[in-house]
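Have a look at the structure below, then the notes.
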Amino acid sequence: AQTVTQSQPEMSVQEAETVTLSCTYDTSENNYYLFWYKQPPSRQMILVIRQEAYKQQNATENRFSVNFQKAAKSFSLKISDSQLGDTAMYFCAFMIRGIGNMLTFGGGTRLMVKP
Amino acid sequence: GAVVSQHPSWVICKSGTSVKIECRSLDFQATTMFWYRQFPKQSLMLMATSNEGSKATYEQGVEKDKFLINHASLTLSTLTVTSAHPEDSSFYICSAPRQGRETQYFGPGTRLLVL
């Protein structure tokens, strides 16, 4: 079974600064995907970024980037130039490639961006 | 991007009644959909996997007779909470994986309040 752990229940950052959210996972699989989802107060789950485990290059989406360390089973999210609209719950998630596309979620990190 | 809708977004019902929640993939077909339950300030808990043309697969501890799932077509899955009780009050979210993109897209969720 896969597990995903987010060790930071809450974090805060000043507007325009950079923050990193941590995520570790445990699996015996070799082919999988990792995701960061954002859940703002509206509670709509929004895909932030996706990483394919077989790719060594870290994924980047505008102000969002990841540090994927496969051997360490670590998948952190860096948010640069934080904006007030980044305030949300952030969930790290794991999915085995090709098997039913089921997601395993971490417990979440509540991020507050302060003006 | 892919869009998943849910209806209704809010429902208040009396204890003992049944409530149906619809999940639709609007611009793609989904042979599989997932139903989650989320309590306040917690992560998403997978309840069941909805399979088009076959029975749903329920996670351990989820009552099949309480939470009826029907995947009537390639774009529609329904979750019926039967004989609802106050402890069934929660936020219910569906998701659908888009084949070829190896990514899940989430509906906006349904808030259920059982009085």
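Of everything in segment A:32-42, what is surrounded by fewer than 16 Cβ atoms within 10 Å (Cβ to Cβ) and in contact (Cβ under 8 Å) with a residue 24 or more places away in the chain? Give them in sequence order. Give the derivation first.
Narrowing segment A:32-42 to residues surrounded by fewer than 16 Cβ atoms within 10 Å (Cβ to Cβ): A:40-42.
Of everything in segment A:32-42, those that are surrounded by fewer than 16 Cβ atoms within 10 Å (Cβ to Cβ) and in contact (Cβ under 8 Å) with a residue 24 or more places away in the chain turn out to be A:Pro40, A:Pro41.
Identify the residue in segment A:66-88 that is within 25 Å of B:Gly100 (Cβ to Cβ) and free of Cβ contacts under 8 Å to residues at least 40 places away in the same chain and, among all such residues, is surrounded by the fewest Cβ atoms within 10 Å (Cβ to Cβ).
Looking at the filtered set, the residue picked out is A:Lys70.
Condition first: more than 18 Å from A:Asn101 (Cα to Cα) and in contact (Cβ under 8 Å) with a residue 60 or more places away in the chain. Now tell me which residues in segment B:21-51 satisfy that.
Passing the criteria: B:Ile21, B:Gln38.
A:Leu21 versus (1) within 10 Å of chain B (Cβ to nearest Cβ); (2) hydrophobic (A, V, I, L, M, F, W, C); (3) farther than 23 Å from B:Arg111 by Cα: which is the lone unmet condition?
(1)
Mind checking which residues of segment A:43-65 are within 15 Å of the chain's Cα centre (by Cα), surrounded by fewer than 16 Cβ atoms within 10 Å (Cβ to Cβ) and not acidic (Asp, Glu)? First the steps, then the outcome.
From segment A:43-65, those within 15 Å of the chain's Cα centre (by Cα) are A:45-53, A:58-65; that's our starting set.
Filter again for surrounded by fewer than 16 Cβ atoms within 10 Å (Cβ to Cβ), leaving A:46, A:52, A:58, A:60-63.
Scanning segment A:43-65 gives A:Ile46, A:Asn58, A:Thr60, A:Asn62, A:Arg63.
Going by the structure shown, is A:Ser7 open to solvent by 80 Å² or more (accessible area, probe 1.4 Å) and either touching a residue at least 40 places away in the same chain (Cβ under 8 Å) or assigned to a loop (DSSP other than H, G, I, E, B) (or both)? Don't jump to the end; show me each part of the working.
Working: open to solvent by 80 Å² or more (accessible area, probe 1.4 Å): yes; either touching a residue at least 40 places away in the same chain (Cβ under 8 Å) or assigned to a loop (DSSP other than H, G, I, E, B) (or both): yes.
Yes, satisfied.
The values are calculated or read from the model by the stated rules, or taken from the named source; none is laboratory data. All figures in this text were calculated on a predicted structure; none of them were measured in a lab. Ideal geometry is used to build each Cβ from the backbone, glycine not excepted, and the neighbour counts take in all protein chains shown. Side chains included, ligands, DNA and RNA excluded: accessible areas come from the protein's heavy atoms. Shrake-Rupley method; radii C 1.70, N 1.55, O 1.52, S 1.80 Å.
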